[in-house]
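Remarks on the structure that follows.
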Amino acid sequence: MSTLIDGKAQATRLREEIGRQVSRLRQHELVTPGLAVILVGEDPASQVYVRNKATQAREAGMSSFEYRLADSVPQTKLLDLIERLNRDPEVHGILVQLPLPPQVDESRVIQAIHPDKDIDGFHPINVGNIATGGHGMAPCTPLGCLMLLKHQLGDLSGKHAVVLGRSNIVGKPMASLLLQKHCTVTVAHSRTRQLEEVCCQADILVAAAGRTRLVKGDWIKPGATVIDVGINRIEADGRMRLVGDVDFDSAREVAGALTPVPGGVGPMTIACLLLNTLEATCRQHRIPFPDNIMSLAWGGTSS
Ligand code: NAD
């Protein structure tokens, strides 16, 4: 039976430490980290995500500014708002909840956010910095996955990591981050042949395909570490529930360690959003980023 990787507990510890650092900033530097969250439209899942992000930012002692725009909002109005937030000294991080309605060009919106305030890590400058092994803002979900892996395994050097999914939000940045940690990385996707055989070679398997229980126990190398990013809503016994991209019951018999859904990657994503906001604040005010939070985030080592 595999070890359960408790993302909820790890995220709670990280958020508590972020809270301590925020109060230190407020007291000694007279700076309050500010997170602006923009939601366009009424998508119920997006509303929940935005509410959770804003609540947890406030709980950590940050200022949270929420902007809710109609589904029909013209692109220029959204770009004007971002421009205003780019100039606002009380706002250190800007997040636009995706997806956006069809009249809005997603990439234009992402590029409008100042890279220093791009706490989602989607701006091409941050993507480029991460891809070239430099220092950039890393997207929150893959960053959270990497922290779970470092905490569980320590040194990742030489391990074969298979990333299932190649989206700009999860799969591709995940691959870049694992390369930075010296893994041998394979990126698999919807057109990959013999997917099961590819997955079977993984010491680390990150499943981010958005397909309910795609990965079965017999796709997993015995003892492998499995990170399940998927969030799929299914109806079971007349109730809605969340399941991952990994078939939990069969995977648990084979994997060495496994994240549950919910309670694995999800809580780490929000904790990393707060971490990025704190880091953005420190950088904008030229305050050194506290060492202890880095060692907590990286499970005692940042190598
Ligand atoms: P996406 O739809 O943008 O990308 C999915 C990727 O999976 C694509 O690259 C596609 O090629 C690949 N894929 C699809 N079907 C496949 C198949 N049958 N076999 C192999 N590859 C396949 O999705 P995304 O935004 O990257 O998100 C992936 C999943 O992660 C979703 O379930 C999403 O809800 C979840 N997610 C969770 C968090 C979190 O915080 N836990 C954050 C972001 C996304």
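Extension gain, K77-R108: 0.36 nm per intervening residue step, less the Cα-Cα distance, totals 9.9 nm. When DSSP beta bridges are restricted to pairs lying wholly in the chain, around 15% turn out antiparallel. Taking N as the residue count of segment 140-266, its C-alpha radius of gyration divided by 2.2 N^0.38 Å amounts to 0.97. Placing unit charges on the Cβ atoms only, positive for Lys and Arg and negative for Asp and Glu, gives the chain a dipole magnitude near 220 debye about its Cα centre. Between helix 265-284 and the chain there is an angle of about 40 degrees, using the helix long axis and the longest principal axis of the Cα atoms. Put a dot 7 Å past the Cα of E66, heading toward its Cβ, do the same for S250, and the two dots end up 4.1 nm apart. The alpha-carbon of K216 sits under 15 angstrom from the alpha-carbons of these aspartates and glutamates, leaving out residues fewer than 8 places away in its chain: E196, E197, D228, D245, D247, D249, E253. Label-to-label distance, T184 versus R241, with points set 7 angstrom from Cα along the beta-carbon direction: 3.8 nm.
What does the charge count near R283 come to, summing +1 for each Lys or Arg and -1 for each Asp or Glu among other residues with Cβ under 12 Å from its Cβ? Walk me through the intermediate numbers first.
Working: positive: K117, R286; negative: D116, D118, E279.
Within the 12 Å Cβ shell, the charges total -1.
When the Cα atoms of segment 30-117 are enclosed in a convex hull and the volume is divided per residue, what value in Å³ results?
Details: hull volume 6.9 nm³, N = 88.
Once divided by residue count, the hull of segment 30-117 is 78 Å³.
By the Cβ distance rule (another cysteine Cβ under 4.7 Å), the unpaired cysteines of the chain are C145, C183, C199, C200, C282.
For I287 and Q27, the difference between the fully extended length at 0.36 nm per residue and the C-alpha to C-alpha distance is 92.2 nm. Relative to the longest principal axis of the chain, what angle (0 to 90°, nearest 10) does the C-alpha long axis of helix 7-24 take? It works out to around 20 degrees.
With charges only on Cβ, +1 for K and R and -1 for D and E, what is the dipole size of segment 140-266 about its Cα centre, in debye, rounded to 20? Walk me through the numbers before you get to the answer.
Working: 15 positive and 12 negative charges, 82 e Å.
Using only the charged Cβ atoms, the result is roughly 400 debye.
Helix 171-180 and the longest principal axis of the C-alpha atoms of the chain enclose an angle of approximately 80°.
Highest mean first, what order results for 200-212, 47-59 on Cβ atoms within 10 Å? Walk me through the intermediate numbers first.
Values: 200-212: 21.7, 47-59: 16.9.
Averaged packing, sorted descending, gives the order 200-212, 47-59.
Please report the relative contact order for the chain, taking Cα pairs under 8 Å with a sequence separation of at least 6, and give it as a percent rounded to a whole number. It would help to have the intermediate numbers written out before the result.
Working: 599 pairs, mean separation 63.9, N = 303.
It comes to 21 percent, rounded to a whole number.
In order along segment 189-196, the phi-based Karplus estimate (6.51 cos²θ - 1.76 cosθ + 1.60, θ = phi - 60°) of 3J(HN,Hα) comes to 8, 5, 9, 5, 8, 6, 4, 4 Hz; Gly and Pro are listed as x.
Send over the Kirkwood Rh of the chain, from the inverse of the averaged 1/r over different Cα pairs, rounded to one decimal Å.
19.8
Any read-out appearing in this document is the output of simple, stated calculations on the displayed coordinates, not a laboratory observation. Being a predicted model, the structure only gives us computed values, none of them experimental. Neighbour counts are summed over all protein chains in view; Cβ atoms, including those assigned to glycine, are modelled from backbone coordinates with ideal geometry.
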